[in-house]
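Reviewing the structure listed below.
The values are calculated or read from the model by the stated rules, or taken from the named source; none is laboratory data. All of these numbers come straight from a predicted model, not from anything done at the bench. We place every Cβ from the backbone using ideal geometry, glycine too, and count neighbours over all the protein chains shown.
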Amino acid sequence: MKLIDRNGRLFGKISVIDVLVLAVVAVIAVALYVKTNHRDITSTANIDTPITYQLQVEGARTYVADALQEGDLIYEQERDTGGSLGKIVDIQRSEGTRFTEFDDGTIESAVPAEDCVNLLLTVEGKGLISDSGYMLNRVYSLGVNSARTLCTKYVNFVATVVSIMP
Amino acid sequence: MEREKFRLRLNLFDSIVLVLALAAGIFLAWNFLGASSGGGGDTAVPARTVRYTINFTRWRAGTSSLIEEGDLLVDSVKNYELGHVVSVETVPSTTLLLDKTNRRYVLVTAPGREDVRVTVEAPCTVTDQAITVGGGYTIAVSGYTYIRGEGYMASGPIVSIEREGLE
């Protein structure tokens with residue numbers, strides 16, 4: 001018996017085209033099943049370790065600082081954060097300064113800035129703590145000295161992680 | 001010669017394939033067209049109204065009279081409707097500059113120019129992460145906007161968003 005007969009049927013029984021279509025449908029079905037159940041599996045993993053960290057906002061205009069309030073949820077615009085990066089639980093304000101390079105070849109890290117404010121935000125999030133570091137929501141790496149463009153529902157701002165307190 | 005009448009004949013395997021393909025198509029269409037799953041538990045709330053203020057920067061002194069309550073403002077980049085003007089306030093135009101002599105940043109007034117604080121009201125969609133107007137334009141304090149008004153153009157940052165009714 002030939003593998004494919006003159007009518008294009010595999011072993012004379014089923015059309016080769018039908019076999020190909022069946023294979024494609026089977027692959028799609030398996031992919032959907034894995035995708036659906038993969039989420040369920042990860043959702044049962046324990047990601048509830050509280051992680052408290054502090055963000056420094058330097059030299060923000062007053063109207064930006066006023067838009068940040070305790071209780072706001074923080075996100076990052078450009079990366080997948082797996083949800084909120086935490087809730088602001090405390091805000092400390094101080095006189096605004098900016099890191100500045102001068103034309104005379106000098107650098108000052110805290111040049112006073114009028115109508116600006118420095119903020120120290122304390123944020124409570126949840127995630128994993130392991131030997132390799134901290135992961136908020138299992139997908140977002142958190143590290144001291146990382147500077148990111150963050151946002152709440154009301155405001156965009158640039159902040160640097162200055163401490164992590166598990 | 002008469003043509004044979006067309007008859008659709010499906011063998012067993014063709015029938016199975018057809019049913020599976022239809023089921024897969026319906027499932028995919030349902031997921032794609034249905035409510036978005038979203039990331040991180042975002043839940044969209046039915047449309048509300050938001051009031052926010054945009055600072056039109058460095059307008060020529062006296063030209064703020066062109067702006068009238070009720071004017072429709074539109075994003076000049078992608079034509080999103082940003083809302084209608086509800087109030088207009090003119091303030092001296094200021095810029096934060098580095099005073100290299102005294103080594104500090106100072107707020108400097110620009111002569112012959114004014115900043116215009118325009119409060120806008122618009123229907124919006126609110127999620128945990130963002131407020132959008134005009135069907136897709138995200139507004140946030142410090143976000144820079146490029147605006148086309150009724151006979152004028154402007155640019156400047158959003159300086160405040162009223163929280164009432166959005167929490």
Can A:GLY83 be described as exposed (fewer than 14 other Cβ atoms within 10 Å of the Cβ) and either closer than 26 Å to B:ILE158 by Cβ or within 8 Å of another protein chain (Cβ to nearest Cβ) (or both)? no
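Got at least one residue in the stretch B:128-140 being part of a loop (DSSP other than H, G, I, E, B), of a type outside the set (Phe, Trp, Tyr), loosely packed, with under 14 Cβ neighbours inside 10 Å and without any contact (Cβ under 8 Å) to a residue 60 or more places away in the chain? Full working, then the answer.
To start, the set of residues in the stretch B:128-140 that are part of a loop (DSSP other than H, G, I, E, B) comprises B:128-130, B:134-136, B:140.
From what is left, the residues that are of a type outside the set (Phe, Trp, Tyr) are B:128-130, B:134-136, B:140.
Subsequent filtering for residues that are loosely packed, with under 14 Cβ neighbours inside 10 Å retains B:135-136.
With the extra rule that they be without any contact (Cβ under 8 Å) to a residue 60 or more places away in the chain, the set shrinks to B:135-136.
For the stretch B:128-140, residues part of a loop (DSSP other than H, G, I, E, B), of a type outside the set (Phe, Trp, Tyr), loosely packed, with under 14 Cβ neighbours inside 10 Å and without any contact (Cβ under 8 Å) to a residue 60 or more places away in the chain: present.
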What single numbered condition from (1) more than 11 Å from chain A (Cβ to nearest Cβ); (2) in a strand (DSSP E or B); (3) surrounded by fewer than 16 Cβ atoms within 10 Å (Cβ to Cβ); (4) on the phi < 0 side of the Ramachandran plot fails to hold for B:VAL108? (1)
Exception for B:LEU73 within (1) within 14 Å of chain A (Cβ to nearest Cβ); (2) surrounded by 13 or more Cβ atoms within 10 Å (Cβ to Cβ) falls at (1)
In the stretch B:83-94, is there at least one residue being within 23 Å of the chain's Cα centre (by Cα), modelled with pLDDT of 95 or more, crowded, with 19+ Cβ neighbours inside 10 Å and in a strand (DSSP E or B)? yes
